[in-house]
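Here is the structure we will look at, set down as structure tokens.
The values are calculated or read from the model by the stated rules, or taken from the named source; none is laboratory data. From a predicted model like this one, the values you see are computed outputs, not experimental measurements. Please note: Cβ atoms are built from the backbone with ideal geometry, for glycine as well, and neighbour counts cover all protein chains shown. In case anyone asks, the SASA skips ligands and DNA or RNA and just uses the protein heavy atoms, side chains included. Shrake-Rupley method; radii C 1.70, N 1.55, O 1.52, S 1.80 Å.
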Amino acid sequence: MKEVFNFSAGPAMLPKEVMEKAQSEFTNWRDLGCSVMEVSHRGKDFIEIAAKAEQDLRELLSIPSNYHVLFTHGGGRGQFAAVPLNLSKADDTSLHLVSGSWSKGAVDEANKYNRAVVVGQVSEKDGLHYIAPPQLSDIDQSAAYYHFCPNETVDGIAFDWLPESGKVPLVSDMSSTILSQPLDVAKHGVIYAGAQKNIGPSGLSVVIVREDLVGKARKETPSIFDYALAAKSDSMYNTPPTFSWYLAGLVFEWLKDMGGVDAMAKRNAEKAALLYSAIDSSDFYSSKVHPDNRSKMNVPFHLANAELDGLFLKQSQEAGLLALKGHRSVGGMRASIYNAMPVEGIVALVEFMREFERVNG
Ligand SMILES: *Cc1c(COP(=O)(O)O)cnc(C)c1O
């Protein structure tokens, strides 16, 4: 099989070593004669790897002991609803920083359950998309929580500052950036992430929630979304997505072998710098995001002549560079370069871009 590099935004590529390990034990896991996806989640073998996955994640992100780690269903969007149900009453206000389409989605969902107020959004600086930190003085201290998304997967907009919230708990949608760099968990009330970008296969989401925010869910909260029930039952109130959980555990082991999130941050910065410098050094390609807010995980870029988009996509795919089509709301191209993408993938993409420009520029 020809080597390919998969730039899909999600579900996204997983580390080759992880896929090979999963393959090697696919039909005979732990010498049980069957697959990990065919055994009870309440059996000793599964409980062992489930607990190890949690422990490894705690180590990787230095998660303090007063935080629960939950493995749940429902993806990122499930948490758009679970957060308001667990953290607010119907007449409470929730605050939202809207940095792109996912944080906007969280506003729309929260509005079903509380009163969502937007405290900041994307503006322009030097003609490029830019987001400024909202002032603390504009943050309603009686709000139930303050939601933000530090890496917008569709728009490629990211910021490395933490919003100032005073005493209002911060809730962060880290679906496309968790584990890509170190993180100060203690500054957050809730961190959540759908797995299919930087953790493992879809079907799983990880929720990291501070103890004092657990146990306040509204009466009408579906039991499977109630943080307290999930915490009390070690995320096994109902059958969890066992195969995704297992694979996430393999990814956590891989991350530890790779040197953890510090090593990942270094590698991710290198990868992003390579790609953005290719974009910036040519008039043929451009980025619409201000350098202060460029995502290191999702890199949208545009060809000066959009009529060449189709040819670029066709030839890049033929060259083994998959899934570079930009999100339909943004157009152009997007390269998603999560933890699992090796530097060689970026080098191959940049070489392809240069050659494409030479022939068509
Ligand atoms: C993909 C994504 C989501 C939605 O995840 P689902 O698992 O499809 O619900 C939410 N937020 C961000 C930042 C994402 O990248």
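Worth a mention:
- For the stretch 38-119, the gyration tensor built on C-alpha atoms gives a prolate shape. Its axis ratio a/c (a ≥ b ≥ c) is at least 1.5, and a/b is the larger of a/b and b/c.
- Per residue accessible area in Å² of the stretch 79-222, where ligands, DNA and RNA are left out and the probe is 1.4 Å: 37 Å²
- Span-rule helices in the chain, defined as complete DSSP H runs reaching 15 Å or more along the axis (Cα) with Kyte mean at least 1.0: none
- Based on C-alpha pairs under 8 angstrom that are at least 6 apart in sequence, the stretch 260-360 has a relative contact order of 30 percent.
- Relative packing of 283-295, 129-141, 149-161, which averages over residues the other C-beta atoms within 10 Å, highest first: 149-161, 283-295, 129-141
- Accessible area of the stretch 48-92 belonging to carbon and sulfur atoms, whole % at 1.4 Å probe: 51 percent
- Here the convex hull built on the C-alpha positions of the chain has a volume of 130 cubic angstrom per residue.
- Surface exposure of the stretch 260-360, expressed per residue as accessible area with a 1.4 Å probe, stands at 45 Å².
- Here is how the number arises for the chain: DSSP H runs of 4 or more residues each give -39500 (n - 2.57), the sum is divided by the residue count, and the result at 222 nm is -10500 deg cm²/dmol.
- Within the accessible area of the stretch 126-270 (1.4 Å probe), percent carbon and sulfur: 50 percent
- Across GLU17, GLU211, GLU307, mean-square fluctuation computed from a Gaussian network of the chain (C-alpha pairs under 10 Å connected) peaks at GLU307.
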